[in-house]
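Report on the structure given below.
The values are calculated or read from the model by the stated rules, or taken from the named source; none is laboratory data. Please read these numbers as outputs of a predicted model, since none were measured by experiment. All Cβ positions, glycine included, derive from the backbone under ideal geometry; neighbour counts span all protein chains shown. Remember, those area values only see protein heavy atoms, side chains included, never the ligands or the DNA or RNA. Shrake-Rupley method; radii C 1.70, N 1.55, O 1.52, S 1.80 Å.
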Amino acid sequence: MYNVWENTLAEIEQKISTSNFSTWFQDTSLISTDKGHIIIGVKNSFFIKQLRSKFLNIISEALTNNGVKVKDIEFEIQTKSKSKIRPREVTTSIDIKDRLASTKKAFKSTKSQTTGLNSKYTLDSFVVGSNNDLAVAAAKSIIEHPGTSYNPFFLYGGSGLGKTHLVQAIGNEIQKNHPDFKILYTPISDFYAEFVDYVLKGKGKDFNNKFRSLDVLIIDDFQLIVNKEKSQEEFFNIFNTLHQLDKQIIVTSDRLPSQIKTVDERLANRLTWAGAFDLQLPKFEDKCAILRAKADLDGAEIEDEAIEYIAENVNTNIRDLESELSTILLMSDVRGLTPLELINNGSIKVTRNAKLKPTTAKRIVEKVSKYYQLNPNELKSKSRVANIKTARQIAMYLLHEELSMSTTKIATEVGVKDHTTVLHGINKIKNDLKLNFTLRDQIAEIKEKIYD
């Protein structure tokens, strides 16, 4: 039955977007096909609602194509023993203390070593969605092959999107797998303060030796290194030594190194040798999955409608999303009302919106054209010259992602005849983004210009 479901999922993956597949199908299982009565295992009731309303026909067709007779399809919530929840940016609660016990146990053999890691940050408490799946895939590869896979690993994104959580989770997992490894997590501000302290005491060489003896170095908030030339130079030297020895280097920032004006160009280039991975704002489905995972881990009761309300009204970051959930759950306990009752009677109102300027199709086309040194008419032309064709496809992708425009409307905006050309262009950029890190950086820069 496993092979049947595996083949079915492979077919479904070809028919829907990567983000939809990773969000709704990654943790499903086929429980029964008895006499055509199909039972599919899912994580929670919210998934049942989404799968039934959006994907029922696709599931039925894929099962039939794989030799399964389908009379009807039902969904069953799996217990945690059957289905492992993959959370994202979920804070530790009493309910997951047992899970953390194994992590703490692994640290016993290295008690004397100060890693700076917080054991509550684990991959088990990080929800994977369309906004972070590539970064998580890279993180898992690093855990399996530290020092040789994605080295250095540069992770960037806005505040509250889970950068610290993910890189510390990498450190904790490596520590469990390699108890003898010397691992250090430190914010760049602490790195700088310690460097100054060592220099004032005339022990600069000791500082250098401390960092060069590490197996894994994790630097957080790298953007704060601005205007600190001496510490940049020291970090540059440490970076080169560790990299030459195949020691793992992990760095987080709120922006790309090239966008930090006072960072030395040589250092900026080295930090993105293995590409740069970004964490983006979660989409509606991702936010619902985050909230459900958080509520499940905390053992809290909350209606799907209440989760959808929070997801629709919080458009800033994951930290704010979880904060609103915690507030509603607390008020629910205090007032003896369900979260949905609190929302419906006006006792609580959620309004946290990202401060992004609204954009238009015209602005997106103009910004993409300017970035590739074209004018909008060239982008909309029938030219098949490589750079013009690429710019046109990127414009298609951004119109789809940022404005949720239909393929027919996008075709009109970029000057192509039919929606199939648009669909091909969007899918090509999506596929290229999986491995083309330069393209990821370019699109991130274009987005910044769109919302300037």
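Carbon and sulfur together cover what percent of the accessible area of the chain at a 1.4 Å probe radius? Intermediate results must be reported in sequence, preceding the final value.
Working: 10570 of 21840 Å².
Heavy-atom surface of the chain belonging to carbon and sulfur, 1.4 Å probe: 48 percent.
Would you report the distance distribution of C-alpha pairs in the range 125-239 as whole percents per 5 angstrom bin, up to the bin with the largest distance?
Once binned at 5 Å, the Cα pair distances of the range 125-239 give 2, 10, 20, 22, 19, 14, 9, 3, 1, 0.
So, with +1 on the Cβ of K and R and -1 on the Cβ of D and E, and no other charges, what is the size of the charge dipole of the range 124-244 about its Cα centre, to the nearest 20 debye? Kindly include the intermediate steps, with their values, before the conclusion.
On the way: 11 positive and 15 negative charges, 55 e Å.
Roughly 260 debye, rounded to the nearest 20.
Restricting to Cα atoms and excluding each atom paired with itself, what does the Kirkwood estimate give for the range 204-270 in Å?
12.4 Å
Just list whichever of K283/K447; K49/K120; K163/K349; K71/K287 have alpha carbons separated by over 21 Å in the model shown. Before the final figure, lay out each step's value.
Values: K283/K447 16 Å; K49/K120 31 Å; K163/K349 28 Å; K71/K287 33 Å.
Long pairs (Cα-Cα over 21 Å): K49/K120; K163/K349; K71/K287.
Let me make sure I get this right: for the chain, a, b and c are the square roots of the gyration tensor eigenvalues over alpha carbons, sorted descending. Under 1.5 in a/c it's rounded, otherwise prolate if a/b > b/c, else oblate. Which is it? Walk me through the intermediate numbers first.
Working: a/c = 1.67, a/b = 1.18, b/c = 1.41.
Verdict is oblate for the chain.
What is the P(r) of the range 318-452, as percent of Cα-Cα pairs per 5 Å bin from 0?
Over the range 318-452, the share of Cα pairs per 5 Å bin runs 2, 9, 17, 17, 13, 8, 6, 8, 8, 7, 4, 2, 0 percent.
Picking from A268, L184, S125, whose Cα lies most toward the positive end of the charge dipole for the chain (charges on Cβ: Lys, Arg +1; Asp, Glu -1)?
Among A268, L184, S125, the one farthest towards the positive end of the dipole of the chain is A268.
Would you pull out the residues with amide H under 5 Å of I31's amide H, same chain only if 5 or more places away, H placed 1.01 Å from N?
When sequence neighbours closer than 5 places are left aside, the close amide H contacts are I39, I40, G41.
Largest first and to the nearest Å, give the Cα extent of the range 212-324 along each principal axis.
So the three principal-axis extents are 54, 30, 21 Å.
Report, by chain and number, residues whose modeled amide H sits under 5 Å from the one on F153, excluding near sequence neighbours (fewer than 5 apart, same chain).
Residues meeting the criterion, in which the H sits 1.01 Å from N, are I249, I250, V251.
Within 10 Å, count the other beta carbons around each residue, average over each peptide in 387-398, 66-77, 324-335, 164-175, and list them highest first.
The peptides rank, most packed first, as 164-175, 387-398, 324-335, 66-77.
With respect to the cross-link table entries K362/K449; K367/K389; K54/K428; K15/K43; K382/K417, which display a Cα-Cα separation exceeding 20 Å?
Details: K362/K449 13 Å; K367/K389 15 Å; K54/K428 24 Å; K15/K43 22 Å; K382/K417 10 Å.
Violating the 20 Å limit, Cα to Cα: K54/K428; K15/K43.
Where does the range 262-387 land on the Kirkwood hydrodynamic radius, alpha-carbon pairs, in angstrom?
Roughly 18.4 Å, rounded to one decimal.
Can you list residues from other chains, or at least 5 along the same chain, whose modelled amide H is less than 5 Å from the amide H of D278?
Y156
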